[in-house]
Amino acid sequence: MTGAMAGIKVVELAHWVAMPAAMAIMADWGAEVVKIENPQGGDPVRGFMGMGIYPFDLSLSPPFEMDNRNKRSVVLDMRRPEAQEAVHRLVAEADVFATNLEPDTLSRFGVEYEALVAKHPRLIYASLSGYGDDGEEWERPGFDYSAHWARSGIMGVLGEPDGPPVSPRPGFGDHSTSLAIVSAVSAALFNRERTGKGQRVSTALLHTAMWQLGIDIQACLLAGQDVPRTTRTAVGNPLLNYYRAGDGRWLFLVMPQSAPYWSGFCKAIGRKDLEKDPSFGTTGGRWRNGAALVAILEEVFARRPRAEWGRLLDEHGCIWGLVQTPGDIDTDPQVWANGFLTTADHPAQGEIKLIASPVRFSTTPASVRSTAPQLGEHTEEVLLEHGYTWEDLTRFKDAGAIL
Amino acid sequence: MSGALDGLRVLELGHWVAVPSACAILGDWGAEVVKVEDPVMGDPMRGLRSVDGVSVGEVNYWFEQVNRNKKGVALDLRYDSGKNVLRHLIQKSDVLVSNFKVAALERLGLPYDTVARLNPQIVYAVLTGFGREGQERDKPGYDYSAFWARGGAMSKMGEPDSAPPPQRPGMGDNVTSMLIAGAISAALVARGRTGVGQALDLSLFNTAVWMLGMDMMPALSAGIEIPNTERGKTRNPLWNTYRTGDGLWVQLVMIQSDRFWPAFCEAIGRPDLEQDPRFNNSLCREENCAELVSILEGVMTSRDCASWEEVFTRYQLIFGRVQTVIDVVTDPQATANSFFTQVPHPLCGELRLVASPVKFSGTPAEVSAPAPELGQHTEEVLLEVAGMTWDDLVRLKEEGAIP
């Protein structure tokens, strides 16, 4: 069985995380992705060790492996005319051009939308910016920390009242944005089948964050007042809150409608006395006396380890969840049962584990066929496929356009 | 111009946020979305009148945001006649999307095999909390538990040893919605090639694992957990959050700090730091990070946020201001890029909504109608789509299968 995007060719002129992650999904779904990189080290994520992110040293860049599996790497110095000509030749046979370079860089390289669409009307041109294609800040470089997390309100509304804002995790907003990009490209490809025409689909880190925070943003749009930060010590529904168990691990109670669960919950925690308590026995009472009930529950949950609480809550039909760390994911049986992780043979490391594309297709399955390429691993192979000769390649090498 | 998915019909058996939000994206892109709801209860989101103390009288904006552009059909699926109507609708639809529990779909006679027999071309997308396999396949999952807590994000956010922060309502659902829209579009592309539909299996948990990829990969490749971000001791002080003189926060995002260090020192009026042997390259800054963070904390409180923005922009540094949600809805950059859209609403005049987070140059997204009243289009859809007559409707009404 082939992937949903089998036969689709993608030229990726992109770096960092969001756009490469989106094209990793496309590649998992069967597209052929050629990644164009500069000869000065290529995509900066290749060099992620030593950027102050990881307190350890590995011989491979974990995030580069994640977001560039299944791709071929071609090194081209886009400042050279030969290189620009080569990209145009690749694009002529491609279905999708994917980029997150800044607008002035794209024009300097001769690959801005207007330059490509005129010659290739069937092309899907996928671009990503930090703050949108218009407005005063259209050229401002945007990373997910700034354009997505900080600017959108997510960072401002997370955290305890009066506490500092909550730092995001690296690439968190980029990976959510990758999902919007993939949907846009897929929808545009679907549309092209019927109309024969390509188009530009552009996404902004700020906009995807606003979609993500839609419930809060929608509240402000209509109510005209800011949403307050919440504190876990005084929630309106203590059964939709999280508690630290005796072994220091956290568990999340998720019963947004608390009434049907209250009786079972009181039994599960061994506090049947609370069931008919005038302060806590009704949804309204729990709402009014939230802080007092949270304090009681904090004390209760601290008495046993999390696994024991889990068993008790399950026995009494309560809905709850584990608060996990990334290190827990690898040993989570639910993860492996569902194929959320996959393995691949790495030329230097042997078998490595990778996160699978986050959808399962019943007839066009996603697959990881190869690990991330070495910088320029496929330069010659790809250029030869596109009609260049060995003499051309020698010339390019002499001119410094390829490595 | 018409939307990318013009002419497609999507049948939504969804409730709460993730699946309705995905169908809102598909609807914005031109698909006709038919939302089937229980005539008595409807989507429980309709009854949600406040979140964290913020509520709006007449208009349920949360419901509006994820249900615009849809037709509402009220159908009681406990009646055979109701199920029969649904089978008619399935035969006339391109896509069926649901986040009902797998067991509930089976009880309704809607497992994939049955649906595919009725309509082999249909794309059948089902969202679960924890995946369709494994011991927890039937466990109900909200984004707080299955996405935020179980997927690792919650434990990684917040300072070490502090309580983890809760996510905002629907944040994980709205990320997942972008993936659902993408997977459906990809399956439609594949259908163009193969002539048949397929089943798509998505989960909140899996989406979270994808998003936290940069934390997952070190855990997967080296069994190493990256420590939580500690503002006071971040290893790259140029990639950190600082409070400014007026109490607002700025997020610096200079991941490649050596590149920006000289300009940064000048911008903050501390050229003496540039050659300071404690800080003059990224390794020294990492070694002496606590010291540098504390210097920068002092420096950053010397001006207000707006004036730092002006300075940092002049020096072409990469940063973002930490906004509140109300800042976002009045952000000129968001308005200039049409991140919002508006639609006439019977109760509040013009209703402002978050627009679908992608701009298509050839097939623009459009919001032409607010969320439907419960069952608003029942008769229209049953007559026009399911091919029923007024006599059929009278019978269904007498039985109680439609209101």
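The values are calculated or read from the model by the stated rules, or taken from the named source; none is laboratory data. Source: prediction; values computed, not measured. Here the Cβ is made from the backbone with ideal geometry for all residues, glycine too, and neighbour counts use every protein chain on show. Accessible surface areas use protein heavy atoms only, side chains included; no ligands, DNA or RNA. Shrake-Rupley method; radii C 1.70, N 1.55, O 1.52, S 1.80 Å.
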Exercise for the section: Would you please classify the overall shape of the stretch A:1-108 from the alpha carbon gyration tensor, given that a ≥ b ≥ c denote the square roots of the eigenvalues, rounded means a/c under 1.5, and beyond that prolate means a/b larger than b/c while oblate covers the rest? Expected result: oblate
Problem - Beta bridge orientation in chain B: antiparallel %, DSSP, nearest 5 - result: 40 percent
Problem - Computed helical MRE - 222 nm, the protein assembly as shown, DSSP H runs ≥ 4 contributing -39500 (n - 2.57), nearest 500 - result: -11000 deg cm²/dmol
Practice task
Could you work out how far the C-alpha centroid of the stretch A:5-50 sits from that of the stretch B:160-205, in angstrom?
Solution key: 21 Å
Exercise for the section: For B:284, B:348, give the ranking by accessible area with the largest first, probe 1.4 Å. Expected result: B:348, B:284
Problem - Size of charge dipole - the stretch A:257-403 - debye, nearest 20, with Cβ of Lys, Arg +1 and Asp, Glu -1, no other charges - result: 1200 debye
Practice task
For chain B, calculate the relative contact order in percent as a whole number, restricting contacts to Cα pairs under 8 Å that are 6 or more residues apart.
Solution key: 22 percent
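If you count the DSSP beta bridges with both ends in the protein assembly as shown, what percent of them are antiparallel, to the nearest 5?
On the way: 32 of 77 bridges.
Approximately 40 percent, going by the DSSP bridge assignments.
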Completion exercise
Check: C-alpha center the stretch A:279-346 vs C-alpha center the stretch B:218-241, spacing in Å is 25 Å
Exercise for the section: Mind putting a number on the dipole of the stretch B:1-103 about its Cα centre? Charges go on the C-beta only, +1 for Lys and Arg and -1 for Asp and Glu, and I need it in Debye to the nearest 20. Expected result: 260 debye
Practice task
Could you compute the FRET efficiency for residue A:257 and residue A:295, with r as their C-beta to C-beta distance and R0 at 35 Å, rounded to 0.05?
Solution key: 0.95
Handout entry: Residue order for A:286, A:46, A:122 - accessible surface, 1.4 angstrom probe, largest first
Key = A:122, A:46, A:286
Fill in the blank from the handout: Listed by chain and number, the residues whose amide H is under 5 Å from that of residue B:249, excluding neighbours fewer than 5 places away on the same chain and using placed H, are B:244, B:322
Problem - Global geometry of the protein assembly as shown, whether rounded, prolate or oblate, following the gyration tensor of its Cα atoms and the 1.5 cut on a/c - result: oblate
Practice task
Could you tell me which of B:208, B:328, A:250 has its Cα farthest along the dipole of the protein assembly as shown towards the positive end, charges placed at Cβ (Lys, Arg +1; Asp, Glu -1), taken about the Cα centre?
Solution key: A:250
Practice task
Take every DSSP beta bridge with both residues inside chain A and express the antiparallel ones as a percent of the total, to the nearest 5.
Solution key: 40 percent
Exercise for the section: Just subtract the alpha-carbon distance of residue B:107 and residue B:80 from 0.36 nm times their residue separation and send over the number in nm, one decimal. Expected result: 8.5 nm
Practice task
Please report the relative contact order for chain A, taking Cα pairs under 8 Å with a sequence separation of at least 6, and give it as a percent rounded to a whole number.
Solution key: 21 percent
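What does the structure give for B:359-369 when I average, per residue, the other chain Cβ atoms found within 10 Å of the residue Cβ?
Per residue, the average neighbour count from other chains is 5.
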Handout entry: Unit charges at the beta carbon, dipole of the stretch A:149-203: most positive-side option, A:185, A:175, A:158
Key = A:185
Practice task
Name the residue farthest towards the positive end of the dipole of the protein assembly as shown from the options A:305, B:316, A:105, assuming +1 on Cβ of Lys and Arg, -1 on Cβ of Asp and Glu, about the Cα centre.
Solution key: A:305
Practice task
Quick one: compute the contact order of the stretch B:201-346, relative version, from alpha carbon pairs under 8 angstrom and 6+ residues apart, as a percent.
Solution key: 25 percent
Exercise for the section: Taking the Cα centre of the protein assembly as shown as origin, work out the dipole magnitude from +1 charges on Lys and Arg Cβ and -1 charges on Asp and Glu Cβ, in debye rounded to 20. Expected result: 1380 debye
